[in-house]
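Where a number appears in this text, it was derived from the coordinates with a stated rule and is not lab data. Since this is a predicted model, take the numbers as computed values, not measurements. Neighbour counts run over all protein chains shown; Cβ positions are idealised from the backbone, glycine included.
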Amino acid sequence: MNDLSYRVGMNTIGIGPATFSKLSNHFSSLKLAWSANLSQLKTAGLPEKLSLKFIEKRSKINLESELTKINKLNIKLITPENSTWPKLLSEISRPPYLLYCLGDEKVLNDLSIGVVGSRKFTAYGKLACEKIVWGLAQNNLTIVSGLALGIDTIAHKAALENETKTIAVLGTGLNFIYPRINFRLAEQIQSQGCLISEFPLGTVGMPGNFPQRNRIISGITIGILVVEAAIKSGALITANFSLEQNREVFAVPGSIFNPQSEGCLNLIKMGAKTTTSYLDVVEELGIKNQISNEAGEVEFDNEAERKIYQVLSPDSALQTNLIIQKTKLSVPEVSSTLTLMEMKGIIKNLGGQNYIKRQ
């Protein structure tokens, strides 16, 4: 048996990162740690209750059988010693000591942005997510999310549709896709990125798993974008991990009357970057925008966008009421079109309903 098999064994019986660190630091090899007696485990710093539990559970584990199951599913095992281990993950507190991976593990070191949000998304949240992910995809950013219903699913699908890579971090074992409705999506992600988990095979979707999963979403990315989130949303847990890990946090503003916007608005109060376009992300991260907005190269979805763009300037802001006068479009049409154009990154809102062309 090699060290990898003992990592699998320890992970399978529930040895966490802190306990694993004690064992690996105390014993000269994981083989010795795996076979240690009660006295040796206590000397390594494990409490007696945990030591007895370790001894009991390991006696029921067949390491060869566990590795065989993993190999049959084409799952790759990645440790911090591997070149494909996500380097950013080693910078966080309590990093995992083993990752299970399905798909292309090389994407784990891509320049990535996490995109998370509410399961109970609105039409506005869906549109904002799709538009911003479109721009991030054009700038070759890999999209990371958690495969959950709602904004997570929309983010993964938008990445696939825009032919950029995407990573799903699961709160279950890789042989238990949750929610089941996303089974097909999980297969598509494998062909254009990967699925990863720190949980052993057979782990089901327990509530406590998902906050643990969230620290990995933030841990492998350079920043987190929260699209919609209630005040007690799991997406805010991910954002808080990002803050702890000294990563960027971006938040899409929403209506003050919408409960699904409360979390984002609170993040903005705390200093998160207000994000209405993918450009807010790439500019904050210092990435050179790959999308040209020069005249004649902007793609418009409708005539209203074309008319509004023609009356705007990159140097002098125009208020909404003047845009309405100049374009002769209705108030609702101008209002909704400005929102869409801002999300696409064609124009910029300077505040106070003043707009300019993006340069």
Mean-square fluctuation maximum in Gaussian network of the chain, Cα pairs under 10 Å, restricted to 274, 84, 164, hits 84
Are any of the pairs 120/307; 22/87; 60/87; 87/120 more than 29 Å apart by Cα-Cα distance, and if so, which? 120/307; 60/87; 87/120
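If you take all C-alpha pairs in the stretch 303-357, what percent of them are over 16 Å apart? Before the final figure, lay out the partial values.
On the way: 389 of 1485 pairs.
Percent of Cα pairs beyond 16 Å in the stretch 303-357: 26.
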Residue exposure sequence - 356, 75 - by fewest surrounding Cβ within 10 Å: 356, 75
Helix 151-161: inclination vs the chain longest Cα principal axis, degrees, rounded to 10, gives 80
Segments 22-30, 59-67 sorted - mean Cβ within 10 Å per residue, highest first: 22-30, 59-67
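Mind sorting 346, 217 by how few other Cβ atoms lie within 10 Å of their own Cβ, fewest first? List each step's numbers first, then the result.
Working: 346 22, 217 27.
Neighbour counts put them in this order, fewest first: 346, 217.
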What angle, in degrees between 0 and 90 and rounded to the nearest 10, separates the Cα long axis of helix 209-219 from the longest principal axis of the Cα atoms of the chain? 60
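Hey, what does the equivalent ellipsoid look like for the stretch 1-133, semi-axes from the Cα gyration tensor as sqrt of 5 times each eigenvalue, largest first, whole Å?
On the way: eigenvalues 249, 61, 47 Å².
Taking √(5λ) for each Cα gyration eigenvalue gives 35, 17, 15 Å.
What's the magnitude of the charge dipole for the stretch 303-357 around its Cα centre, counting Lys and Arg as +1 and Asp and Glu as -1 at the beta-carbon? Answer in Debye, nearest 20.
Working: 7 positive and 5 negative charges, 19 e Å.
That gives a dipole near 100 debye.
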Can you work out the PRE-style zone for residue 333? Point 7 Å along Cα to Cβ, and I want the residues of the stretch 303-322 with backbone N under 12 Å. 303-308
P(r) of the chain over all Cα-Cα pairs, binned every 20 Å from zero, in whole percent: 28, 48, 19, 5, 0
Can you tell which of 316, 61, 88 lies farthest toward the positive end of the dipole of the chain, using +1 and -1 charges on the Cβ of basic and acidic side chains (Lys, Arg; Asp, Glu)? 61
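Go ahead and estimate [θ] at 222 nm for the chain from helices alone: -39,500 (n - 2.57) per DSSP H run with n ≥ 4, summed, over the residue count, rounded to 500.
Working: 16 runs with 157 residues, N = 359.
For the chain, the value works out to -13000 deg cm²/dmol.
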